[in-house]
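The values are calculated or read from the model by the stated rules, or taken from the named source; none is laboratory data. Bear in mind that the values here come from a model prediction, so they are computed numbers and not experimental data. As a convention, Cβ positions derive from the backbone with ideal geometry for all residues, glycine included, and neighbour counts pool all protein chains shown.
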């Protein structure tokens, strides 16, 4: 049981409640039908009636996020170009910023 | 739990999977719409055969499309109901003499109910579905 | 202590029944708004009973143990959230968890959904899973800002133990920081209402279970009792997220007004809380569900990261300004 | 013998490093036993250090003084003085245990990857050298030995990066050499400035002098040293080298590289808390800003990556950002209560981060061992082939992104609720960072582990590798369920040690 100044968290009580709730959920689950009668291609993945030729590859994940954040990632790609000289320029920038902050403020 | 009791529960909330080729879709839309509203009976259209209890096959089926319909019927968790919509599923309809149309749907898929009409009006569809409900009630 | 243990047993199960009740009311009201009659009130219960009877198909290529355990994890974690939330009365596990825990526990059901979808080896489900993850990323930002700014409002107005939910639901938040604080809080309440349909996957944001585009999305391969567990998890999650919003923004209790004492006060507060939860759910998910159409996934990200984020930052600044004066 | 433990903890791995080459001539099995025995002995020394600190509190050990406990010899302290307090003992203990675990893991891993024999000798001596450097940085009390041990870690880890002798690992090692050369250069500038002014090298003595006259030159020296260490850490503007290095280094060494950046964080906090504590408000805010930038950039750049180890490298940059957030708030709010809470959150997060990301790199190594590939698009469906790897990955994924029952959540909870008092926006960035971190690892889990079964050749993962991974996982679960254990035992003495710069100075003067 740890309590920061603002809130508190006790993992053991959480586990006890989760254990109790999983008993309740297991009762609900046991009411249902468990298995299924195997048929010719009943358990194959549903692909609108067709057969799944290309096995499921997870390609180009999170397309929506990158498409929406296009400008940000374009700028990021330019920043991470893998050339050591640019790493050193970034370091020089960091040094000037740190010196500026420490001295002026 | 034997089949009759299962069907009694299934009837109370039938989830419909539509397999349309031609006119069927134009007739199911008003049934889902506000005027005839099949949701009154707990029926909602679903997108995957895994969720479906009732497979509505409408319009003429060709050699290729019937194989997919069969596969979809096999992929549906049982107990399930199949409804053949329109005269095309009963006897090939106006394509009775065409070389590639399926003449009788029940040769390929066990059909529980045929709803005649080319295409059947929404009232006919609802009447057909009601008859399934009544039949299940009588058996139980 | 026995009262707490008793409540800890009753509240999760009651959460399921209340969730199903809200789903039924939600479907009836949505139907009536579209001029339809709508299903009977107990239709969600009938759906669950029907799903329990159906076969439970596990696809061949799926990772079996993951595929079947994820619905279980989703429902357990959602029911666990209810124990930490103040449902009108003080939360059941009052001193053992706080606001940040609830915020993180709300991630687990959608994470279980995503992992279950990916484990089912169906292309529809993996597309749905990716969309759900992107949606989670986008609505978590305004949600975090809303939660933190309410806590900041309490902190700067002198309350201590600010993140514990009983303190939050105990203080009347609206009048604390003068006019700018009031305006800021109203803006943030709006953003919170805007986040709820995203969190629950209702129509404008149901990109991950989009029936027309990806055939049931994440649930494409689920059937029978696994689907029933997910159905229940979604119902209980609606109650959980709505009561979090109520706890943060509408913490008024009715027992004071009627002057009820003894056992009647918590009961009245609980019922009033249910009413507030129903109001929040109706405004944020039912009305929005009937009025709007589905957004494309890249639109979802920009819709959540542009307007609500700027608005809630503005709200946070207003609150900061309000407390300083 | 035990009272010389501080010196022996550093000297012994050094000796073992050079001896292992000789013993390697006799046979690889004997060399493995020798290296394992020496690591175990160093581990015992480190444990003894912790116990000693618990009893005696902060104490100094002067190398080469006639009476080893003589703290302040006449005139200014010339000899090297090792100062051991709560924080440095914790860091030393962590460095040794991670190296021990990674060595057990790497015995079978290197066999398949590098073919054993001569290169295995080189690997063992470099790992021991790397450990000696980290321990030295952890325990020193003066600037110049800090610089020497920093050089030692850079050189040994650079040659470990180039271990696979392939084109791209040479390029990564070359970049790393340039970066550590610049890092050492700027550190030396800073030390030189301070030395020219006070004629002292001992941190505590300099801190004592600096209390009276804190000149302009000291500010420049502070900024040079801090930016050099930030470069070693890999905080945001200068983090790109870390990604190339972590991609090319063997996975068992990557675990040690994470610990070396955590030792870097220890050095940063030591300097800012115990030496330049008068500037703490300013430097605290600077560290907090750079930390939150690291979280945002690290996580958002981890999302589009196509290579497994590159993705975990970006995630480690974000985790360093979290620790910097905690330590920066500890600095900025040094006198207030939320400062100490934030600092304990940051220090606890150092332990969690080393465990979580260490487990992630070990799993990446196991996947590489089993399939020979780390590209995400070429892998898929490994959960079908080995369920234990996927369970491990789920535990690691939930722990890194801070989902409740695991240890990541505890330290993040402590940090959010104390960083919140400094500025609420920082907590928002933290919460957003952990949800993005979760989606990074869900993407890895989905594309590498799930999907249809993996068709290629899948070698069985040896028991020693799985055992080490399961030890990490069990520690994660243990720390998650009983955080009080680590918080009172390891973290609170470390926090008191950092905050108590008076005690730190008192030990020397």
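Key figures
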item	result
Test set (1) more than 9 Å from chain C (Cβ to nearest Cβ); (2) under 28 Å from the mean Cα position of the chain (by Cα) - residue A:27 fails condition number	(2)
Among the candidates D:199, D:136, residue that is buried (at least 19 other Cβ atoms within 10 Å of the Cβ) and either without any contact (Cβ under 8 Å) to a residue 12 or more places away in the chain or under 19 Å from residue D:81 (Cα atoms) (or both)	D:136
Subset of the stretch D:345-362 (residues that are within 12 Å of chain A (Cβ to nearest Cβ) and surrounded by fewer than 24 Cβ atoms within 10 Å (Cβ to Cβ))	none
Subset of the stretch D:143-168 (residues that are within 23 Å of the chain's Cα centre (by Cα) and within 14 Å of chain A (Cβ to nearest Cβ))	D:158, D:161
Selection status of residue D:427, free of Cβ contacts under 8 Å to residues at least 24 places away in the same chain and in a helix (DSSP H, G or I)	yes
Residue satisfying condition, being outside any helix (DSSP H, G or I), within 10 Å of chain B (Cβ to nearest Cβ) and more than 17 Å from the chain's Cα centre (by Cα), within set C:44, C:39	C:39
Criterion: buried (at least 24 other Cβ atoms within 10 Å of the Cβ), in contact with a strand residue (DSSP E or B) (Cβ under 9 Å, 6 or more places away or on another chain) and in a helix (DSSP H, G or I) - qualifying residue of C:100, C:81	C:100
Candidate set from the stretch C:186-211 (those that are assigned to a helix (DSSP H, G or I), within 13 Å of another protein chain (Cβ to nearest Cβ) and more than 15 Å from the chain's Cα centre (by Cα)); member that is surrounded by the most Cβ atoms within 10 Å (Cβ to Cβ)	C:188
Residue check for residue A:36: surrounded by 12 or more Cβ atoms within 10 Å (Cβ to Cβ), within 7 Å of chain C (Cβ to nearest Cβ), closer than 24 Å to residue C:64 by Cβ and modelled with pLDDT under 85	no
Matching entry among C:233, C:144, C:183 (being free of Cβ contacts under 8 Å to residues at least 60 places away in the same chain and either more than 14 Å from chain A (Cβ to nearest Cβ) or crowded, with 24+ Cβ neighbours inside 10 Å (or both))	C:144
Residue check, residue C:277 within 14 Å of chain A (Cβ to nearest Cβ), surrounded by 15 or more Cβ atoms within 10 Å (Cβ to Cβ) and under 23 Å from residue C:148 (Cα atoms)	no
Residues being over 30 Å from residue D:394 (Cα atoms), surrounded by fewer than 20 Cβ atoms within 10 Å (Cβ to Cβ) and without any contact (Cβ under 8 Å) to a residue 24 or more places away in the chain - total across the stretch C:39-78	5
Index of the failed condition, residue B:87 passing every other in (1) farther than 30 Å from residue C:231 by Cα; (2) assigned to a loop (DSSP other than H, G, I, E, B)	(2)
All positions within the stretch D:390-429 that are out of contact with any helix residue (DSSP H, G or I) (no Cβ under 6 Å at 6 or more places or on another chain), modelled with pLDDT of 90 or more and away from chain A (no Cβ under 14 Å)	D:391, D:394, D:425
From the options D:337, D:329, residue that is within 13 Å of another protein chain (Cβ to nearest Cβ) and surrounded by fewer than 24 Cβ atoms within 10 Å (Cβ to Cβ)	D:337
Wholly within the stretch C:222-325, helices (runs of 4 or more DSSP H) carrying at least 1 residues that are farther than 27 Å from residue C:110 by Cα	C:255-258, C:264-281, C:307-324
Qualifying position, being within 29 Å of residue C:135 (Cβ to Cβ) and more than 14 Å from chain B (Cβ to nearest Cβ), among A:47, A:65	A:65
Selection count where residues are at the interface with chain A (Cβ under 8 Å from one of its Cβ atoms) and either in contact with a strand residue (DSSP E or B) (Cβ under 8 Å, 6 or more places away or on another chain) or more than 13 Å from residue A:48 (Cα to Cα) (or both), scope the stretch B:43-67	2
Hits in the stretch C:153-165 - residues which are part of a helix (DSSP H, G or I), within 11 Å of chain A (Cβ to nearest Cβ) and touching a residue at least 40 places away in the same chain (Cβ under 8 Å)	C:165
Restricting the stretch D:447-474 to residues that are surrounded by 21 or more Cβ atoms within 10 Å (Cβ to Cβ) and part of a helix (DSSP H, G or I), the residue that is farthest from the other protein chains (Cβ to nearest Cβ)	D:468
Number of the condition not met by residue C:90 [criteria: (1) more than 30 Å from residue B:41 (Cβ to Cβ); (2) touching a residue at least 12 places away in the same chain (Cβ under 8 Å); (3) away from chain B (no Cβ under 11 Å); (4) crowded, with 19+ Cβ neighbours inside 10 Å]	(4)
Where residue D:307 falls short, out of the listed (1) surrounded by fewer than 24 Cβ atoms within 10 Å (Cβ to Cβ); (2) out of contact with any strand residue (DSSP E or B) (no Cβ under 7 Å at 6 or more places or on another chain); (3) within 30 Å of residue A:75 (Cβ to Cβ)	(2)
Hits in the stretch D:479-494 (condition: under 13 Å from residue D:407 (Cβ atoms), out of contact with any strand residue (DSSP E or B) (no Cβ under 7 Å at 6 or more places or on another chain) and in contact (Cβ under 8 Å) with a residue 60 or more places away in the chain)	D:479, D:480, D:481, D:486, D:490, D:491
Residue in the stretch D:368-389 that is modelled with the highest pLDDT, counting only those that are under 16 Å from residue D:442 (Cα atoms) and part of a helix (DSSP H, G or I)	D:389
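This table checks each residue for (1) touching a residue at least 60 places away in the same chain (Cβ under 8 Å); (2) away from chain A (no Cβ under 12 Å); (3) closer than 23 Å to residue D:441 by Cα.
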residue	(1), (2), (3)
D:266	yes, yes, no
D:287	no, no, no
D:300	yes, no, yes
D:310	yes, no, yes
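Each row is one residue, and each column tells you yes or no for (1) at pLDDT 90 or above; (2) within 21 Å of residue D:184 (Cα to Cα).
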position: D:242; (1), (2): yes, yes
position: D:250; (1), (2): no, no
position: D:253; (1), (2): yes, no
position: D:263; (1), (2): yes, yes
position: D:266; (1), (2): yes, yes
position: D:296; (1), (2): yes, no
position: D:331; (1), (2): yes, no
position: D:337; (1), (2): no, no
position: D:348; (1), (2): yes, no
